[in-house]
Structures are given as C-alpha cells and as structure tokens.
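Participant: The structure follows.
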Amino acid sequence: MIDRDELLHVARLARLALDEDELQTTAAELSSILDHVATIDELDLEGIEPTAHIGDVEDSLRADQVARSLPREVALAPAPAIRDDGFLVPSPQGE
C-alpha cells in the first residue's frame with residue numbers, strides 16, 4: 001500500500017488538495033492501480049508489439065476543411081474585457 005508521505009507527494013505534484021477522508025480513499029485506489037501495474041510488469045511480453053489501439057484504426061480524424069469562423073465582434077461580445085481586438089486576461093503574476 002502506498003504510504004501517506006508518498007501520496008501527499010503525488011498529490012502535491014498533481015496540485016490536489018485532499019482532506020483526510022480523501023487521503024485514505026485515494027491511497028487505497030492508487031495502491032490497487034499500482035498492484036495491477038505490478039501484475040502486468042510480471043508478464044512475459046517478449047516479441048509483443050506495443051499498440052495504441054486493440055483494433056485497426058483508419059481515418060479516425062475528419063479531414064481538415066476550410067470553414068467560415070465567427071465574426072470578431074460576435075466572438076468578443078461575451079468577453080468581460082477586450083484589448084487590441086482580443087480577449088484581455090489577467091496576468092499570471094496578478095499584475
């Protein structure tokens with residue numbers, strides 16, 4: 001089972017604020033996931049090609065097509081603030 005310090009470290013990296021109840025639940029769930037990964041790690045996968053999909057996938061994305069976009073004034077209409085013909089967003093530093 002993953003210990004409390006490891007879980008707190010992972011939660012901090014993921015920027016998660018977990019209360020005491022969530023810590024216990026998350027520790028159990030994460031431990032279960034890690035147990036499954038360990039089981040898979042024990043398998044002999046020699047000669048097995050890595051796959052992204054279990055079946056053949058062809059043309060899963062639509063073709064790019066040129067289409068009309070919204071007029072600038074319509075797109076900017078719901079914006080709380082506009083500058084230089086674009087959305088004005090707060091600076092990450094709060095400036």
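Participant: If the only charges are +1 at each Lys and Arg Cβ and -1 at each Asp and Glu Cβ, what is the size of the charge dipole of the chain around the Cα centre, to the nearest 20 debye?
Facilitator: Roughly 920 debye for the chain.
Participant: If each DSSP helix of 4+ residues adds -39,500 (n - 2.57) and the sum is divided by the residues in the chain, what number results at 222 nm, nearest 500 deg cm²/dmol?
Facilitator: Dividing the helical sum by the residues of the chain leaves -12000 deg cm²/dmol.
Participant: To continue, here is another question. If I compute P(r) over Cα pairs in 10 Å bins from 0, in percent from the structure I just sent, which labelled value in (i) 11, 18, 15, 24, 24, 8; (ii) 16, 50, 31, 3; (iii) 18, 54, 25, 3 lines up?
Facilitator: (i)
Participant: For a test of the definition: using alpha carbon positions, the gyration tensor, and the 1.5 limit on a/c, classify the range 54-95 as rounded, prolate or oblate.
Facilitator: oblate
Participant: Once phi is turned into θ = phi - 60°, what whole-Hz ³J(HN,Hα) does the Karplus curve with 6.51, -1.76 and 1.60 give for every residue of the range 40-57, x standing for Gly and Pro?
Facilitator: 5, 4, 7, 6, 7, 10, 4, x, 9, 6, x, 9, 9, 9, 7, x, 5, 10
Participant: Compute the length gained on full extension between Leu43 and Leu23: take 0.36 nm times their separation in residues and subtract their Cα-Cα distance, giving the result in nm to one decimal.
Facilitator: 4.1 nm
Participant: Something else: Relative to the longest principal axis of the C-alpha atoms of the chain, give the angle of the C-alpha long axis of helix 4-13, reported between 0 and 90° and rounded to the nearest 10°.
Facilitator: The angle comes out near 20 degrees.
Participant: Could you rank the peptides 3-16, 80-93 by their average count of other C-beta atoms within 10 Å per residue, with the highest value first?
Facilitator: Answer by packing, highest mean first, reads 3-16, 80-93.
Values quoted throughout were computed directly from the atomic coordinates according to the rules given, and no laboratory measurement underlies them. Everything numeric here is computed off the predicted structure, so don't read it as measured data. Here Cβ is always computed from backbone atoms with ideal geometry, including for glycine, and neighbour counts include all displayed protein chains.
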